[in-house]
1. Mind ranking Lys107, Lys76, Lys230 by accessible surface for me, highest first, 1.4 Å probe?
2. Considering Cα pairs under 8 angstrom that are at least six residues apart, work out the relative contact order of the chain and quote it in whole percent.
3. Can you put Arg101, Arg166, Arg185, Arg22 in order of accessible area, largest first, using a 1.4 Å probe?
4. Which value, in debye to the nearest 20, describes the size of the charge dipole of the chain about its Cα centre when Lys and Arg Cβ atoms bear +1, Asp and Glu Cβ atoms bear -1, and nothing else is charged?
5. What is the percent carbon and sulfur in the accessible area of the stretch 23-103, measuring with a 1.4 Å probe over the protein chains and ignoring ligands?
6. Within the stretch 133-150, whose backbone N sits under 17 Å from a point 7 Å along Cα→Cβ of Gln211?
7. Keeping all protein chains in place and using 1.4 angstrom, which order do Thr105, Thr127, Thr157 fall into by accessible surface area, from largest down?
8. Given charges of +1 on the Cβ of Lys and Arg and -1 on the Cβ of Asp and Glu, with all other atoms neutral, how large is the dipole of the stretch 1-45 about its Cα centre, in debye to the nearest 20?
Amino acid sequence: MAQLALRISYDGTDYHGFQWQREQDTVQSTLEHSLRSLLGPGTLTGGSRTDRGVHAEDQVVVWDGACPVPLTRLGKVLNHRLPLSIRVMAVGMVPDGWDPRRMATAKFYRYQIWRGPVPANWARFVTRMDEPLALPILVDTARWFEGRHDFSSFRSTGSSARTTIRQVFTSRWDVSQGGRTLIYRVGANGFLYHMVRLMVGAMLEAARTGQTGNIAHALTNPGPTTRMNKLAPPHGLVLERIEIDGKWFRSIEEG
């Protein structure tokens, strides 16, 4: 048996996150509604549960239900039914019971900051920040997160994760346009609830104040007493991609 997998992207501005919530518009509920109206009963599972206002360039979801529509037409038909804020980028088949959250080996995010007036095409996807920042501190502290750490100081309450240990593969800031755009890129084998936004908030606070001790202390003494509380706004965060063994998901690109 096989089930349908979709690669989607979305502008999360107008949604209460990815995951289904009672009486709230979410990416999952919107996509499920379109799938059910086209394919019949079924449920949707996502590879990452992005927060309210967070965007995704390449999210992986699996549809547990029938698919009477040919795969070569499915993406175009769904995109015709969906709002422009959600796009199906590719479709494919995966083995029955395949769980994109469990199969994911890495997730990559970026956080986008614009300093100065924001162009219209960027406005929904960046955080504007005009305060003076010590850019060398941003660049330096980002590297501290790389490696295997206990990130319990960088998660919000309400997390159901069984372990707070995460392996961060890459953590860096890219500075361009003379410091006008700041883009933080981070990849790990998984993330805790609000982890990226708390990391960004901590680095920005350090760059504003020149004080980096809180970050170092939180990494070496993880726990409730060193919990970070500067949560960066959601609209600057983008899920870039979820990496999954290619043999399990052979996509069919839609034109």
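1. Descending accessible area places them as Lys76, Lys230, Lys107.
2. Values: 561 pairs, mean separation 64.6, N = 255.
Across the chain, relative contact order equals 25 percent.
3. Largest accessible area first, the residues go Arg22, Arg101, Arg185, Arg166.
4. 180
5. 48
6. Only 133-134, 137-138 fall inside the zone, counting backbone N under 17 Å.
7. Numbers: Thr105 80, Thr127 10, Thr157 105 Å².
Putting Thr105, Thr127, Thr157 in descending order of accessible area: Thr157, Thr105, Thr127.
8. Here the size comes out at about 220 debye.
The values are calculated or read from the model by the stated rules, or taken from the named source; none is laboratory data. Just so you know, these numbers come straight off a predicted model, no measurement behind them. Because the Cβ atoms are built from the backbone with ideal geometry, glycine has one as well, and the counts that use them run over all protein chains shown. We work out accessible area using only protein heavy atoms, side chains counted, and drop any ligands, DNA or RNA first. Shrake-Rupley method; radii C 1.70, N 1.55, O 1.52, S 1.80 Å.
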